[in-house]
Amino acid sequence: MSVKRKEQTAGANSRSVLIVDDEEDILELIELTLLRMGLDVDRATTVKMAIEKVQSGNYDLCLTDMRLPDGEGLQLVQFISDNLSDLPVAVITAHGNTENAVAALKAGAFDYLAKPVSLEQLRTLVKSALSLPQATAAKAATGHALLGESGAIQQVRELIEKLARSEAPVHISGESGSGKELAARLIHEKSARRSQPFMPVNCGAIPENLMESEFFGYRKGAFTGADADRDGFFQAANTGTLFLDEVADLPLAMQVKLLRAIQEKKVRKVGSTQEEPVDVRIISATHQKLGECVEAGKFRHDLYYRLNVIELRMPALREMREDIPQFVSALLDKLARNAGTKKPDVVSEALAELERYDFPGNVRELENVLERAMALCSDARITAGDLQLTPHDLPEQVVATGGDSKAPLQDYLDRVEKEAILEALEKTRYNRTAAAKLLGITFRSMRYRMERLGLN
């Protein structure tokens with residue numbers, strides 16, 4: 001067969017693919033498919049030959065078998081990942097050999113194909129890989145951003161850049177409010193799928209009896225009320241990214257169906273006898289520890305293995321305290337813009353208080369604290385009193401008294417605050433302005449606290 005090699009091509013804008021395999025029939029099949037897509041094709045039959053070619057050539061994609069005469073395709077994946085990070089490399093694995101596929105994705109492979117090779121999946125993979133933005137363009141081409149300059153958030157940014165150049169399933173872990181969905185959106189926006197749908201799904205918010213129809217869609221007449229065909233989340237996210245938030249909340253029965261959809265890349269609508277192909281990248285997230293859910297029997301090990309190919313951990317806000325001033329400024333900009341008011345200043349004592357606080361609710365809690373403070377502050381100036389933060393350490397009497405220590409913390413704090421306000425009011429003969437001054441808070445804050453505690 002006459003092969004159109006890259007060096008013979010005159011077109012300056014032609015795209016070139018290196019295929020690495022020692023089986024002639026596989027090479028012929030893939031090569032013919034790629035040529036029909038208008039691509040230039042080059043061949044290699046060993047790891048050594050492939051490394052020499054990628055070092056001296058200028059390829060847009062490398063497609064390699066996992067078993068080669070002089071080694072493993074994984075060696076080539078690792079070499080490209082370490083030395084040619086802009087070159088996407090995909091692997092061909094034996095049918096059902098999930099371990100090899102996962103190992104390749106962890107090593108930096110863009111995606112994988114299982115034997116026997118599906119030409120439809122091959123074409124989809126190639127189009128996706130050739131749509132990847134250049135690394136420099138990817139860094140700028142997004143409407144979202146992760147704030148902060150701390151080491152923890154810098155590591156997250158670097159990993160997002162790498163993950164965006166892959167089709168590997170990603171599991172994002174982290175506490176509530178730490179920005180897991182934002183990270184998922186960034187991965188999508190920097191990827192080859194950036195112009196396709198991003199479909200976020202809160203798995204914990206869907207009633208169990210509706211899950212199958214919500215995820216996979218249904219046919220008209222499938223059940224009472226199904227008066228027309230409807231697509232599910234998988235079809236809506238087709239060619240794009242499906243973000244499964246709080247994935248640990250999925251019931252076991254749904255986990256089985258989700259695993260099959262991910263493995264087969266096909267779904268069957270409720271009421272249908274036919275499966276339809278879907279091309280989605282899966283990103284999942286949960287605030288729970290997924291490994292512990294597996295050990296407890298609440299989450300299937302095989303699904304965990306498929307979803308948690310690469311883990312991205314979002315740091316808690318208390319792990320990057322030096323970034324809190326930047327978060328405060330950006331959030332106040334946003335809140336003032338949404339409210340149509342002037343951005344308030346934050347006094348140094350208030351900022352210091354924010355930097356000391358642990359923020360169990362992370363950035364989401366910080367935004368709520370600032371929104372409340374904006375409502376309570378006077379003269380567009382936020383003081384420590386306006387923040388109304390929970391004390392960091394329990395008073396000694398809470399620790400000392402067995403009975404009180406069992407009571408909820410908020411009840412205890414409310415009781416202490418109520419007593420302090422009543423004492424101040426008695427001292428000032430119920431002059432609220434004078435009582436607020438005595439307590440070191442604004443009159444507006446005093447009024448808010450009295451309403452919350454039922455003292456009006």
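Just so you know, all these numbers are worked out from the coordinates, no wet-lab data involved. What you see is a predicted model, and the numbers here were worked out from it, not measured in a lab. Quick reminder, even Gly has a Cβ in these numbers, built from the backbone with ideal geometry, and neighbours come from all protein chains shown.
For this structure, a couple of remarks:
- If you model the chain as an ellipsoid using its alpha carbon gyration tensor, with each semi-axis the square root of five times an eigenvalue, the axes come out at 54, 26, 20 Å, biggest first.
- Cα long-axis angle, helix 252-264 against the chain (0 to 90 degrees, to the nearest 10): 40
- Its alpha carbons considered, segment 141-180 gives a radius of gyration followed by a Dmax of 11.0, 28 Å.
- Cα-centred dipole magnitude for the chain, charges only on beta-carbon of K, R (+1) and D, E (-1), debye, nearest 20: 1240
- Rounded to the nearest 20 debye, the dipole size of segment 6-130 about its Cα centre is 360 debye, using +1 on the Cβ of Lys and Arg and -1 on the Cβ of Asp and Glu.
- In this simple spin-label model, placing a label point 7 Å from the Cα along the Cα-to-Cβ direction at both residue 205 and residue 32 gives a separation of 5.0 nm.
- Between amide H atoms placed 1.01 Å from N, distances below 5 Å from residue 287 occur with 246, all of them 5 or more places distant or on a separate chain.
- At 1.002 mPa s and 20 °C, Stokes diffusion of segment 289-394 via Kirkwood alpha-carbon radius, µm² per second: 134
- Amide hydrogen neighbours beyond the local backbone of residue 281, cut-off 5 Å, H modeled: 240, 241, 242
- The phi torsions of segment 340-353, fed into the Karplus equation with coefficients 6.51, -1.76 and 1.60 and a -60° offset, translate into couplings of x, 10, 6, 5, x, 8, 10, 5, 4, 5, 5, 5, 5, 5 Hz, rounded to whole numbers, with Gly and Pro shown as x.
- Table column - 3J(HN,Hα) (Hz), segment 437-450, Karplus curve with 6.51, -1.76, 1.60, x for Gly and Pro: 5, 5, 7, x, 10, 7, 4, 5, 5, 4, 5, 4, 5, 5
- Length-normalised contact order for the chain - Cα pairs under 8 Å, 6+ apart - percent: 11
- Of all DSSP beta bridges in the chain, antiparallel share, percent nearest 5: 15
- Per-pair calculated FRET efficiency, R0 = 45 Å: residue 326 and residue 431 via Cβ, rounded to 0.05: 0.65
- Crossing angle, helix 180-189 versus the chain [Cα axis fit, 0-90 degrees, rounded to tens]: 40
- Amide H contacts of residue 91 (H built 1.01 Å from N, under 5 Å, at least 5 apart or other chain): 64, 111, 112, 113
- Projecting the Cα positions of 234, 45, 296 onto the charge dipole of the chain (unit charges on Cβ atoms of Lys, Arg, Asp and Glu, taken about the Cα centre) puts 234 furthest along the positive direction.
- Length gained when the stretch residue 423-residue 158 is fully extended (0.36 nm per residue, less Cα-Cα span): 90.0 nm
- Whether segment 81-219 is rounded, prolate or oblate, judged on the alpha carbon gyration tensor where a/c under 1.5 counts as rounded: oblate
- At an R0 of 30 angstrom, the distance between the Cβ atoms of residue 231 and residue 97 translates into a FRET efficiency of 0.40.
- Net charge contributed by nearby residues that have their C-beta within less than 10 Å of residue 250 (K/R +1, D/E -1): 0
- Rotationally averaged projected area of segment 135-313 (alpha carbon convex hull; nm²): 10.8
- Kirkwood analysis of segment 6-130, using all unique Cα-Cα pairs, places the hydrodynamic radius at 14.3 Å.
- Of all DSSP beta bridges in segment 6-130, antiparallel share, percent nearest 5: 10
- Magnitude of the charge dipole, segment 135-313, Cβ model with Lys/Arg +1 and Asp/Glu -1, debye to 20: 440
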